[in-house]
Amino acid sequence: MTLAQLLTALQLGEDQEIEFKSAAGGLPKSLWSTLSAYANTDSGWIVLGVAEKHGAFELEPLRNHQSLLKTFWDEHNNPQKLSQPVCRDEDVAVIEMGSSAVICIHVPRASRQLRPVFINGNPLTGTYKRNYEGDYRCTEAEVKRMLREAGDEPLDGQILEGFDADDLDADTLASFRNRFAARDPDHPFLALSDTAFLESLGARRRDRLHKTEGLTLAGLLMFGKERSLLDALPSYQLDYQEVLADDPDIRWTYRLTLDGKWAPNLFNFYYRVFPRLTAGIATPFKLGQHATRTAETHVHEALREALVNTLVHADHQLPQAITVIKRHDAFVFRNPGLLRVPREQLYHGGVSDPRNPNLIKMFQLLGLGERAGSGFQKILRAWHEQSWLVPLVAEDSRLETTRVSLPVVSMIPEHVEKELRSLVGGAYPQLDELSRMMLIMAHHFGDISNEDVQQHRKEHPRDIGMRLAQLVTSGWLKKDGVGRGTRYRWPSTPVPDLLRPVATEVTTEVTTEVTTEVTTEVTPEIRLIRVLRGTMGRRELMDALQLRNGEHFRRHYLQPALARGWLEMTQPDKPNSRFQKYRLTQLGMKALQK
């Protein structure tokens, strides 16, 4: 964390990812519960040397920071204080301010093998997590679930004592065999007896160490009868809903759940839900005889991946239901259990840590589900091709659930997309996300620079510059200026801002006089006052401008607008208050009318 980033954080205030602590009287005791919470949840920053006064955060630099650092590392590496070291040298930064300093500690998320990270030697009383209200002490049940997740044994490989072949639905097993044979008729598994076949799938197992054998959790989940499933997993629930009515009083238009009319195992749930999930998608589609890949579109592949992932990556021993919802504007998949890999790694792909490898194997034998770490990439590809909003993966650490939302909403308004397609022609589907973003920004703002793009993207400035040059070469952008002052604009001038509402005011004045058009440069501060509605805070303004970098917003948007007298603070006597908002002045209103 740099000084500029720290100052921006002070202006924005605390949130789930950053915690300020004074440390004026030494290393605060609450530091360790916060460190445990960040390590067990989703990482974050602890900043020592900041105090909250009168509703605002102020720097309170530390004069004894070297002594505090030594105390921190001594206790951090002491197993009686912290169960596992989680921070590395590079995770701790000191921002010096003359003879004083502020200490910034980044706490990474601990791997599942190291969780729970607890304090004071007792996991039952010293394990913490974090939600939007702050740190909280985990319940005994939460701690035991983390301990179970930390093991290397597959969760679905557990032998269920007292369960046998009578707990399996014979029709489901026969149907599985038929679909498997249709896909791979010469596979040696097909010649096996049912008992040997189940063992080969991982649905039945022998524990040689303890000399036990029997049906596994995976076998019961894939082929089980309803009563048997509920005996083993009292909270077991599968819920598919279609919410397609325009009437808000109608909760769903179709629902499939446990009702005693079918064997509600994962195999049957998949084959009942997938055809309904994909029905009505306005893309060419042909479903093969056995519901496997036959001339399918990428959207159908994506929905298959999402459905299979929900079933095979769930922690079926948790009390929450597996829920799949089909709406006009989205598909939503929710399963019990948190991600086993960092969320950013899920978007990048290539890494997998399966919770239920036996279930994954069974679905893959039917041609369902991708190799480890690649399935979510297919979802991202399909949604990108359709110009739909990027799929969102969210975890609820308190309920221990993971939700995947696939919005069927265009990332680009229809009239803007039409303009882009007209400009680019047949190459539009091949444009990557970076190129589309650049064209949309140029369309929206009139002209853009390399620095403007950097606020929205993570690519290196050199790569952004090369892509801008390619768009210029293709004739899709025009280049003005040289060096750092280079701007890239939409090829037709003047460019209407299609992302803003079209004015409905009509003038009755008609003239044949030819005049010279005068245009006003669209500067960042003009863009700022255009999006301001009533009173708005920093985050609201940054969201409206689609900006991520708080320091860039402050220097290039907010400060110039304040300096021009176009904005005023709602709390001028507390400029750094986290409750600070801004509103237009009379000068700002005049500037907006020009």
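Things to note:
- The angle between the Cα long axis of helix 140-150 and the main principal axis of the chain comes to about 80°, on a 0 to 90 degree scale.
- Value at 222 nm in deg cm²/dmol, rounded to 500, when DSSP H runs of n ≥ 4 in the chain each add -39,500 (n - 2.57): -10000 deg cm²/dmol
- Across the chain the C-alpha pair distances fall into 10 Å bins from zero in the proportions 3, 13, 19, 22, 20, 14, 7, 2, 0, 0 percent.
- Nearest 10 degrees, 0 to 90: helix 266-278 Cα axis against the chain principal axis: 40 degrees
- Within the shell of other residues whose beta carbon sits under 13 angstrom from the beta carbon of Tyr270, the net charge comes to +3, with Lys and Arg scored +1 and Asp and Glu -1.
- Alpha-carbon centroids, segment 215-273 and segment 535-594: separation in whole Å: 51 Å
- Net charge in the neighbourhood of Asn576 (other residues with Cβ under 12 Å of its Cβ; Lys, Arg +1, Asp, Glu -1) is +2.
- Here the chain exposes an accessible surface that is 50 percent carbon and sulfur, computed with a 1.4 Å probe and the other protein chains kept in place.
- Exposure here means at most 11 other Cβ atoms within 10 Å; with chymotrypsin sites (Phe, Trp or Tyr not before Pro) in a DSSP loop as sites, the longest stretch of the chain lacking them is 133-578.
The values are calculated or read from the model by the stated rules, or taken from the named source; none is laboratory data. What you see is a predicted model, and the numbers here were worked out from it, not measured in a lab. Here the Cβ is made from the backbone with ideal geometry for all residues, glycine too, and neighbour counts use every protein chain on show. Quick note on the areas: whole protein, heavy atoms, side chains included, nothing else; ligands and nucleic acids left out. Shrake-Rupley method; radii C 1.70, N 1.55, O 1.52, S 1.80 Å.
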